[in-house]
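A.B. asks: Structure in structure tokens, see below.
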Amino acid sequence: MADVGWWVVPVAVLGGALRVSTPFLFVSLGECITERSGRINLGLEGILVMGAMCAYGTSYLTGSPWLGVLAAGAAGALLGLVHATICGLPRVNDIAVGIALMLFGTGLAFYLGKPLIEPSAKILPAINFGWWSDVPQVRAALQINVLFLIGVALAPVLVWALATTRWGMILRTVGESADAARAMGYSVNGVRARATMLGGFLGGIGGSFLSLYYPGSWNEGLSSGQGITAVALVIFARWNPMLCFWASLLFGGAAALGPALQSIGVNQGYYLFNAAPYILTLLIMIITCSPQRTLIGAPAELSITR
Amino acid sequence: MKADVRPRTHDKSRFTPHLFPPPQAGEGKGGGLRLAGAAEYVVIPALALAAALAVFGIFVALFGKDPAALYLYMYQGAFGTWFSWQNTLSRAAPLILTALCTALPAQLGLVIIGGEGAFLVGALAATSAALALPAAPPFLVQLAMALAGMAAGGAWIAFSGALQHYRGVNETISSLLLVYIALAVLNQLVEGPMRDPSSLNKPSSHEIGAANMIGTIPGLDVHWGLAFGIIAAVLAYILIFQTVFGFAARVAGGNVRAAKVVGLGVGRLILIACFLAGAAAGLAGMFEVAAVQGRANANLAAGYGFTGILVSFLARHNPLAIIPVAVLLGGINASGGLLQRRLGLPDASVLVLQGMIFISVLASETLYGRFAIFRRGG
């Protein structure tokens with residue numbers, strides 16, 4: 001056993017939660033918007049990978065990681081537009097299109113990202129909130145990325161926007177009753193297209209965090225299921241952006257468990273601990289879903305909960 | 001007392017119309033009309049495929065590659081020579097089986113995309129079975145491997161089905177999560193308890209032994225998985241379209257309330273269909289170990305389960321149509337190597353093309369019933 005004590009594990013898990021949760025946070029906030037409009041985009045897994053690749057490539061070429069973040073968002077919005085356009089056709093199923101987009105986005109990112117595996121790009125800055133501590137583990141845990149802070153701020157803003165702004169009300173109307181929205185003269189497909197693009201934008205930014213901060217490089221094993229976990233997380237969070245934030249922290253902590261244990265020399269079960277977020281997601285879905293009734297808070301037009 | 005207590009069903013007929021083509025005008029009437037209706041299910045996917053190939057051609061042209069050379073090499077790599085045909089058929093074999101993993105639950109309106117997970121646990125269980133029987137005759141070992149692989153894969157997908165039916169957990173998400181869990185279990189076992197200490201760079205299990213390997217079909221350099229895949233697809237077709245079970249499943253898939261009214265046990269239907277689906281993918285995993293790899297390691301996760309989803313959708317979840325579609329997609333996979341060598345395309349170009357085909361095929365769903373030409377005749 002290493003010379004550090006077991007207390008390092010909770011600190012590392014906390015630090016990991018703050019770090020690893022960022023992609024979960026952005027993807028789940030994005031998916032939250034999309035699902036509140038009554039459509040589900042399972043393609044966020046592909047968007048996440050695409051975002052990671054675009055961010056890394058842009059940062060490498062321009063030297064500006066923030067341009068990379070923007071490029072990732074744009075790529076995500078573009079893929080969101082593809083999803084929305086095809087789902088807007090009559091008799092096309094959004095779940096299936098999401099699966100297709102997942103495969104397409106991943107493939108496209110691997111194709112375009114082939115030359116990016118070697119070079120190293122400039123990564124995003126972090127703010128050191130651990131200056132007061134002498135313990136290196138605490139300092140490392142409190143290195144907080146700016147994107148995380150943006151995500152934290154975004155959650156309450158979205159709660160407010162969904163509840164009180166005209167934009168939020170239109171979005172919710174479309175998600176609760178497409179017929180009512182149509183009767184009021186709103187274009188259901190148009191609103192959903194914008195919601196899916198915005199969701200894709202945030203999902204892409206979530207991906208940029210993976211390649212530009214943690215783990216901070218581009219390779220083909222970068223995302224393995226964070227996108228789909230985040231989609232499940234939205235269901236767990238009952239389509240509430242603030243709950244998405246807390247759920248992201250929980251999932252981030254679960255994902256940080258494996259590396260945290262490894263840091264003190266516990267190597268047994270490394271892969272199983274890495275699968276903790278998926279197992280946690282599955283358990284939470286088993287506990288919170290019910291076959292008898294629709295979930296509270298579910299948009300009525302959403303296909304997976306009807 | 002209002003919206004929140006709506007009875008929860010998995011009646012997806014309203015929003016997954018593409019899974020179940022609505023009864024066409026001539027269905028069950030004149031033979032001519034039925035033929036015209038069937039032509040629609042061939043012509044529209046073919047158009048979608050052609051459109052995707054065209055878009056892919058434009059895509060590679062953007063990178064300065066010659067599209068004409070692309071199509072030529074794709075044809076050569078897939079179907080151009082006897083060698084490439086055998087390569088294609090070897091890749092089609094697991095695809096038929098993993099496609100069934102999506103196609104069978106689809107009859108009940110379930111969208112299962114976890115074939116890769118069932119494939120991996122099937123492969124693991126088959127390897128374990130072989131390693132547990134070191135002294136048994138090869139035939140017995142192979143039988144045990146097949147049974148273990150099918151049981152493990154079947155249980156894996158049946159779990160998703162059970163969660164959907166008894167807990168209301170979305171089966172698409174749960175089956176995909178189970179893929180990642182299966183991958184973790186595979187990595188854990190081959191790096192830990194099952195590891196062969198002599199496998200240094202690529203942690204692997206012990207080999208199942210040359211005597212236990214399944215050979216090739218006489219006259220072909222293609223392993224027996226192809227024959228079993230075709231048999232499984234034909235059996236699945238018979239099950240769905242010729243038996244009471246299949247009829248009940250399709251009724252439940254079309255309208256779950258109607259199924260309950262006539263007294264069908266929907267839960268039982270879901271469990272059986274999902275078990276058979278997972279068993280097919282598990283069998284594919286068993287053949288991957290017993291006929292190709294000879295041991296369990298990370299090489300097993302080659303994406304056959306994911307391509308199988310595309311095969312099933314392209315075949316409109318019809319088990320007989322899955323056979324030619326699997327050959328087609330197997331051909332595209334097989335041509336990847338040639339595209340890499342001759343055109344310098346990345347290995348992911350096959351994934352891009354598959355994604356384009358998938359999107360194009362789904363978009364083409366909107367075309368059904370729009371062409372008068374398929375409605376005339378008879």
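The values are calculated or read from the model by the stated rules, or taken from the named source; none is laboratory data. None of these values were measured; they are calculated from a predicted model. Here the Cβ positions follow ideal geometry from the backbone for every residue, glycine too, while neighbour counts run over all protein chains shown.
A.B. asks: In region B:257-295, which residues are within 14 Å of chain A (Cβ to nearest Cβ) and surrounded by 24 or more Cβ atoms within 10 Å (Cβ to Cβ)?
C.D. replies: Once the filter is applied, which keeps residues that are within 14 Å of chain A (Cβ to nearest Cβ) and surrounded by 24 or more Cβ atoms within 10 Å (Cβ to Cβ), region B:257-295 yields only B:I270.
A.B. asks: I would also like to ask the following. Which residues, counting only those in region B:299-324, are farther than 20 Å from B:G285 by Cα and part of a helix (DSSP H, G or I)?
C.D. replies: Passing the criteria: B:F313, B:L314, B:L320, B:A321, B:P324.
A.B. asks: Here's something else I'd like to know. When you scan region A:85-186 for helices (runs of 4 or more DSSP H) that lie fully inside it, which ones turn up with 1 or more residues that are at pLDDT 90 or above and surrounded by fewer than 17 Cβ atoms within 10 Å (Cβ to Cβ)? Let's see the steps before the verdict.
C.D. replies: Working: elements: A:94-113, A:136-141, A:146-164, A:166-176, A:178-183.
Here the list reads A:146-164, A:166-176, A:178-183.
A.B. asks: Residue under question is A:A275, and the condition is that it be more than 13 Å from the chain's Cα centre (by Cα), buried (at least 24 other Cβ atoms within 10 Å of the Cβ) and either within 20 Å of A:V27 (Cα to Cα) or of a type outside the set (A, V, I, L, M, F, W, C) (or both); does it hold?
C.D. replies: Details: more than 13 Å from the chain's Cα centre (by Cα): yes; buried (at least 24 other Cβ atoms within 10 Å of the Cβ): yes; either within 20 Å of A:V27 (Cα to Cα) or of a type outside the set (A, V, I, L, M, F, W, C) (or both): yes.
Criteria met by A:A275.
A.B. asks: Something else about it: Are any residues in region A:274-291 closer than 18 Å to B:F159 by Cβ and assigned to a helix (DSSP H, G or I), and if so, which ones?
C.D. replies: Passing the criteria: A:Y278, A:I279, A:L280, A:T281, A:L282, A:L283, A:I284, A:M285, A:I286, A:I287, A:T288.
A.B. asks: Further question: Assess whether A:I47 counts as being free of Cβ contacts under 8 Å to residues at least 24 places away in the same chain, within 14 Å of chain B (Cβ to nearest Cβ) and of a type outside the set (K, R). It would help to see each step written out before you state the result.
C.D. replies: Details: free of Cβ contacts under 8 Å to residues at least 24 places away in the same chain: no; within 14 Å of chain B (Cβ to nearest Cβ): yes; of a type outside the set (K, R): yes.
It is false that A:I47 is free of Cβ contacts under 8 Å to residues at least 24 places away in the same chain, within 14 Å of chain B (Cβ to nearest Cβ) and of a type outside the set (K, R).
A.B. asks: Something else: Considering only residues of region B:237-271 that are modelled with pLDDT of 90 or more and among the charged types (D, E, K, R), which is farthest from B:H165 (Cα to Cα)?
C.D. replies: Out of the qualifying residues, it is B:R250.
A.B. asks: Related question: Restricting the search to region B:325-375, which residues are under 27 Å from A:G88 (Cα atoms), within 11 Å of another protein chain (Cβ to nearest Cβ) and not in a helix (DSSP H, G or I)?
C.D. replies: B:Y368, B:G369, B:R370
A.B. asks: Would you pick out the residues in region A:56-106 that are in contact with an Asp or Glu (Cβ under 8 Å, 6 or more places away or on another chain), within 12 Å of A:L44 (Cα to Cα) and within 8 Å of chain B (Cβ to nearest Cβ)?
C.D. replies: A:G105, A:T106, listed by residue number.
A.B. asks: Would you check which residues across region B:155-190 are more than 7 Å from chain A (Cβ to nearest Cβ) and farther than 21 Å from A:I40 by Cα and list them?
C.D. replies: Of everything in region B:155-190, those that are more than 7 Å from chain A (Cβ to nearest Cβ) and farther than 21 Å from A:I40 by Cα turn out to be B:A155, B:W156, B:I157, B:A158, B:F159, B:A162, B:A182, B:L183, B:V185, B:L186, B:L189, B:V190.
A.B. asks: Pick from A:G207, A:G225: which is surrounded by fewer than 24 Cβ atoms within 10 Å (Cβ to Cβ), under 24 Å from A:I150 (Cα atoms) and within 16 Å of the chain's Cα centre (by Cα)?
C.D. replies: Details: A:G207 fails: surrounded by fewer than 24 Cβ atoms within 10 Å (Cβ to Cβ).
Going through A:G207, A:G225 in turn, the sole match is A:G225.
A.B. asks: Quick check: anything in region B:77-93 of a type in the set (F, W, Y), in contact with a Ser or Thr (Cβ under 8 Å, 6 or more places away or on another chain) and surrounded by fewer than 21 Cβ atoms within 10 Å (Cβ to Cβ)? I'd like the intermediate steps shown before the answer.
C.D. replies: Within region B:77-93, the first condition is being of a type in the set (F, W, Y), and the residues that meet it are B:79, B:82-83, B:85.
Filter once more, so that each one left must be in contact with a Ser or Thr (Cβ under 8 Å, 6 or more places away or on another chain): B:79.
Imposing the further condition that a residue be surrounded by fewer than 21 Cβ atoms within 10 Å (Cβ to Cβ) reduces the set to B:79.
Yes, region B:77-93 contains at least one residue that is of a type in the set (F, W, Y), in contact with a Ser or Thr (Cβ under 8 Å, 6 or more places away or on another chain) and surrounded by fewer than 21 Cβ atoms within 10 Å (Cβ to Cβ).
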